[in-house]
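Undergrad: Please see the structure below; I have some questions.
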Amino acid sequence: MRARGINYDTGFINAGTSTRESFDPGVVRREMQIIHDDLHCTAVRITGGDPERLEIAAGHAAGAGLEVWFCPFTCDLTVEETLEVISDCAERAERIRRRGAEVVFLTGSELSLFTEGFLPGDTFTGRVAYLRSASPARLRELLAGLPSRFNGFLGEAVALARERFGGRISYASLPSEGVDWTPFDIVSTDAGYRSTEDAEQYREGIRALTALGKPVAVTEFGCMTHVGAASKASDASEMIEYDGSTPIRLNGDYVRDEQEQAAYLREQLDLLDGEGVDAAFVYTFARYDLPHRAEPRDDLDMASMGVVKVCEDRPGDTYPGMPWEPKAAFAALADYYRDV
């Protein structure tokens, strides 16, 4: 595996709520150095909905010696608004690249689901609800027609990006989108989550991507921090109670288990490396919106795939001044990446 990576959230914005309300450039700079020096990452995928934050984080990542994957992650914008963000971010990514950094630009993430107009529903939440409630026949019909409409949009997005950005370009995709990878330099998927029950099917999906003849990046994969998390793949929202779009508490009784998360990451990295994946990005460094708390029902970190646990009302001890503590997954990932 050429690029040993992790995701880094600058703030995903949904219904006016950000997954990272506070954004301190000094903290970002130090986190990027820790990601490089202590996690032994060689690459970082930087996501979020604020282009200025993305550029700040990308600059600090480049300064730490990391390969930068610059990825706007928008929610509930129109097609036209999304294309404007892509154009803006491509220019910002090019500024970082021209300073000598290795930069890959992604034209977005899971845009058929998060952008208005491709699937039924006025909001992301509404689209997810529709997909979950639609009949199998309706769902097949809907998804069968998605690629033809969606690839036209992606073609326009790539063209805009190439006018502004001189490096390699990719897109963090979903399998249902049926992406035509012809105009892209790298094949990327956010569908990197594997439950313990579907390992062979998962391998077949990765092999289908590597067979396309371009470098393959798994831009998201990870595991939550509780007993049984490895068998659930990626859906943390089902175990959280929300006030609007703000996480409040867990909706049931769960048992914290950092070792299950750590073991999952090691197994997944072995699998991806064995299948010839070029770049892999663990999800994620920190979930600032899912803090660790002593009371189990309030411990939102059990629903987090972060390799650090965020402290709600105090700084951590391991890295003085940082608002988090490393989890077992942090040590496991650092050991793995150091030895690769």
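The values are calculated or read from the model by the stated rules, or taken from the named source; none is laboratory data. Small disclaimer: the values here were computed from a predicted structure and weren't measured. Quick reminder, even Gly has a Cβ in these numbers, built from the backbone with ideal geometry, and neighbours come from all protein chains shown. For accessibility, only protein heavy atoms count, side chains too; no ligands or nucleic acids. Shrake-Rupley method; radii C 1.70, N 1.55, O 1.52, S 1.80 Å.
Undergrad: Give the residues of the stretch 204-244 that are over 25 Å from Asp298 (Cα atoms), among the charged types (D, E, K, R) and within 20 Å of the chain's Cα centre (by Cα), sorted by residue number.
TA: Glu220
Undergrad: Quick check: is even one residue across the stretch 287-297 acidic (Asp, Glu), within 23 Å of Arg194 (Cα to Cα) and open to solvent by less than 60 Å² (accessible area, probe 1.4 Å)?
TA: No, every residue in the stretch 287-297 fails to be acidic (Asp, Glu), within 23 Å of Arg194 (Cα to Cα) and open to solvent by less than 60 Å² (accessible area, probe 1.4 Å).
Undergrad: In addition: Which of the residues belonging to the stretch 72-100 are aliphatic (A, V, I, L, M) and outside any helix (DSSP H, G or I)?
TA: Scanning the stretch 72-100 gives a single hit, Leu77.
Undergrad: Here is a check on your reading of the model: is Glu55 acidic (Asp, Glu), outside any helix (DSSP H, G or I), over 25 Å from Glu177 (Cα atoms) and open to solvent by 10 Å² or more (accessible area, probe 1.4 Å)?
TA: no
Undergrad: Run down Leu39, Leu106 and say which single residue is over 14 Å from the mean Cα position of the chain (by Cα) and open to solvent by less than 10 Å² (accessible area, probe 1.4 Å).
TA: Being over 14 Å from the mean Cα position of the chain (by Cα) and open to solvent by less than 10 Å² (accessible area, probe 1.4 Å) holds for just one of Leu39, Leu106, which is Leu39.
Undergrad: So, one more: Would you please name the residue that is farthest from Ala129 (Cα to Cα), looking only at residues in the stretch 217-245 that are loosely packed, with under 15 Cβ neighbours inside 10 Å and polar (S, T, N, Q)?
TA: Restricting to residues being loosely packed, with under 15 Cβ neighbours inside 10 Å and polar (S, T, N, Q), the top hit is Ser231.
Undergrad: Scan the stretch 175-216 for residues that are under 17 Å from Ala280 (Cα atoms), among the hydroxyl-bearing types (Ser, Thr, Tyr) and open to solvent by 30 Å² or more (accessible area, probe 1.4 Å) and jot them down.
TA: If the condition is that a residue be under 17 Å from Ala280 (Cα atoms), among the hydroxyl-bearing types (Ser, Thr, Tyr) and open to solvent by 30 Å² or more (accessible area, probe 1.4 Å), then Tyr193, Thr210 are the ones that fit.
Undergrad: Moving to a separate point now. Please work out which residue is nearest to the chain's Cα centre (by Cα), limiting yourself to the stretch 61-76 and to residues that are buried (at least 24 other Cβ atoms within 10 Å of the Cβ) and either among the acidic types (Asp, Glu) or farther than 17 Å from Ala157 by Cα (or both).
TA: Val68
Undergrad: Going by the structure shown, is Glu163 crowded, with 17+ Cβ neighbours inside 10 Å, at pLDDT 95 or above and of a type outside the set (Val, Ile, Thr)?
TA: Working: crowded, with 17+ Cβ neighbours inside 10 Å: no; at pLDDT 95 or above: yes; of a type outside the set (Val, Ile, Thr): yes.
Answer is no for this residue.
Rundown of residues vs (1) in contact with a Ser or Thr (Cβ under 6 Å, 6 or more places away or on another chain); (2) part of a loop (DSSP other than H, G, I, E, B), yes/no style:
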residue: Tyr254; (1), (2): no, yes
residue: Gln268; (1), (2): no, no
residue: Leu272; (1), (2): no, no
residue: Gly276; (1), (2): yes, yes
residue: Phe285; (1), (2): no, yes
residue: Asp289; (1), (2): yes, yes
residue: Lys309; (1), (2): no, no
residue: Asp313; (1), (2): no, yes
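Undergrad: Which of the residues spanning the stretch 119-147 are touching a residue at least 24 places away in the same chain (Cβ under 8 Å) and either crowded, with 18+ Cβ neighbours inside 10 Å or part of a helix (DSSP H, G or I) (or both)?
TA: Of everything in the stretch 119-147, those that are touching a residue at least 24 places away in the same chain (Cβ under 8 Å) and either crowded, with 18+ Cβ neighbours inside 10 Å or part of a helix (DSSP H, G or I) (or both) turn out to be Leu119, Phe124, Thr125, Leu143, Leu146, Pro147.
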